Amino acid sequence: TDLCQISRIQAALVRYGARFSKRILGSSEWQVYQHREALASGKGLNYLATRFSAKEAFAKAMGWGLRAPMTWHRCEILNKPNGQPYLHLHDELATWFEQHQLLGHVSVSDEHDYATSFVVLERKNP
């Protein structure tokens, strides 16, 4: 579980600009972020906050924190056509996840001041 104050993400964007969002988001997430930001002011900010929160929740669920093989770019939170979020893992993180036969489930939400996420991990063949 992770809870993120959206104003904290906004302050980081003001301070670091696009460098901050590019540090947090993978390439597919970056495209969605740019699209949402172009649609309406604040839509990109909330998207970024939910992704930040979900990656923090994932790192907590893994028990590692943000250290190898977990990195911001190796874990993307994307959406299926119906809107359901899912984990899309890359490189060493995807390999490790598969070797340990893990499945991951993610839920994200944002409301005014906060973004929150839940990540549940389970073994494919317990």
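The values are calculated or read from the model by the stated rules, or taken from the named source; none is laboratory data. All values derive from a computational prediction rather than experimental measurement. Glycine gets a Cβ as well: all are built from the backbone with ideal geometry, and neighbour counts include every protein chain shown. We work out accessible area using only protein heavy atoms, side chains counted, and drop any ligands, DNA or RNA first. Shrake-Rupley method; radii C 1.70, N 1.55, O 1.52, S 1.80 Å.
As an exercise: evaluate R123 against (1) surrounded by 11 or more Cβ atoms within 10 Å (Cβ to Cβ); (2) free of Cβ contacts under 8 Å to residues at least 40 places away in the same chain; (3) not hydroxyl-bearing (S, T, Y) and give the number of the one condition it does not meet. Tallying (1) surrounded by 11 or more Cβ atoms within 10 Å (Cβ to Cβ); (2) free of Cβ contacts under 8 Å to residues at least 40 places away in the same chain; (3) not hydroxyl-bearing (S, T, Y), R123 fails exactly one: (1). Tallying residues that are under 25 Å from I9 (Cα atoms) and either in contact with a Ser or Thr (Cβ under 6 Å, 6 or more places away or on another chain) or touching a residue at least 24 places away in the same chain (Cβ under 8 Å) (or both) within region 82-92 yields 4. Among all residue pairs at least 6 apart or on different chains, which show Cβ distances below 6 Å where the first residue, located in region 27-48, is free of Cβ contacts under 8 Å to residues at least 60 places away in the same chain and the second is assigned to a helix (DSSP H, G or I) and acidic (D, E)? Sorted first by the residue in region 27-48, then by its partner, the pairs are G44/E37. Within region 37-61, how many residues turn out to be touching a Leu at 6+ places or on another chain (Cβ under 9 Å) and open to solvent by 30 Å² or more (accessible area, probe 1.4 Å)? Qualifying residue count for the region: 3.
Could you tell me whether L3 is touching a residue at least 40 places away in the same chain (Cβ under 8 Å) and open to solvent by less than 30 Å² (accessible area, probe 1.4 Å)? No, not satisfied.
Picking from residues in region 42-66 that are of a type in the set (K, R) and either within 13 Å of the chain's Cα centre (by Cα) or at pLDDT 95 or above (or both), the one that is farthest from W96 (Cα to Cα) is R51. Tell me, yes or no, whether region 99-107 has at least one residue that is crowded, with 16+ Cβ neighbours inside 10 Å, assigned to a helix (DSSP H, G or I) and either modelled with pLDDT of 95 or more or of a type in the set (F, W, Y) (or both). So far as region 99-107 goes, no, none of its residues is crowded, with 16+ Cβ neighbours inside 10 Å, assigned to a helix (DSSP H, G or I) and either modelled with pLDDT of 95 or more or of a type in the set (F, W, Y) (or both).
When we screen F58, F97 for residues that are hydrophobic (A, V, I, L, M, F, W, C), touching a residue at least 60 places away in the same chain (Cβ under 8 Å) and in contact with a strand residue (DSSP E or B) (Cβ under 8 Å, 6 or more places away or on another chain), the only hit is F58.
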